[in-house]
1. I need two numbers for the stretch 4-301: Rg to one decimal and Dmax as a whole number, Cα atoms only, in Å.
2. So what are the three principal axis dimensions of the stretch 209-265 from its Cα atoms, in whole Å, longest to shortest?
3. With 5 Å bins from zero, work out the P(r) of the stretch 34-190 over every alpha carbon pair and list the percent per bin.
4. Considering only DSSP beta bridges with both partners in the stretch 115-264, what is the antiparallel share in %, to the nearest 5?
5. Share of antiparallel DSSP beta bridges in the chain, in percent to the nearest 5?
6. Translational diffusion coefficient, Stokes-Einstein: compute it for the stretch 1-127 using the Kirkwood radius over C-alpha pairs as Rh, at 25 °C and 0.890 mPa s, and state it as an integer in µm² s⁻¹.
7. Report the relative contact order of the chain, percent, no decimals, based on alpha-carbon pairs under 8 angstrom and at least 6 residues apart.
8. Quick one: check the C-alpha center-to-center distance for the stretch 137-173 versus the stretch 63-128, whole angstrom.
């Protein structure tokens, strides 16, 4: 069965229960959340997140816990050349892994980090050492840490399968997996219209069995742009047919696919009211047919 969903919020009084309700409103059977705001490290006590109520609602709607994905905040940088900032990232990621486990989710997605002009080799060394510490700190847990494929913006590490494969090999843990982001991989220079050929390269350095989650996004920019600007499904440079082949690939039918596409503005080129596109995009994906008027229809409906 296709596992398709999106990023959902976890704010307000309903917390994780609200996350499940939002996912259900999109006709989703999986979803991704942050344990708190992605821009800071302030976190609510785990006891007020309404986790039991969320799990009960998931059971009622046949959503298994393995379909829940957590994303680590962006502000952590395991590759930071500053030892104190690296320690902060390690300590905070350790706590995020523990929170992920307490929430019942099986994995947390992590941006590997940015080397900040010290060079990718040094950056990877810091990431490898940092993740080894996080794994040691959470040795009693089974929570996976999924390294996200990156677009190559700035000094990001993990922009090639070779880099990610090197880090995974050096860490040597079954708990380290991969989050395959279609926009990032396209922007890094991979030709996703020939996904089977991309997988051959992925297998050479990593192995497709390491992919534990997909971020399904189109791209606003051409292949190899290193820009990392997501576009709505079918409206970017990757295209609907290429994304659909990835979504429906038989090797990954049981892997969660998470949409992180842009909200739709009330008027084209407007920055005022915005609306989530996920229900409409998920329905379009399930229909296997691209609707070139989708964004227009979303604006009309809302």
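1. In order Rg, Dmax, the Cα atoms of the stretch 4-301 give 18.5, 52 Å.
2. Principal-axis extents of the Cα atoms in the stretch 209-265, largest first: 32, 26, 19 Å.
3. Percent of pairs per bin, in order: 2, 9, 18, 21, 20, 14, 8, 5, 2, 0, 0.
4. 15 percent
5. For the chain, the DSSP antiparallel bridge percentage is about 15.
6. Answer from the Stokes-Einstein relation: 158 µm²/s.
7. For the chain, the relative contact order is 16 percent.
8. What the calculation gives is 9 Å, centre to centre.
Rule-based calculations on the coordinates, nothing more; no lab input. None of the values given here were measured: they were computed from a predicted structure. Here Cβ is always computed from backbone atoms with ideal geometry, including for glycine, and neighbour counts include all displayed protein chains.
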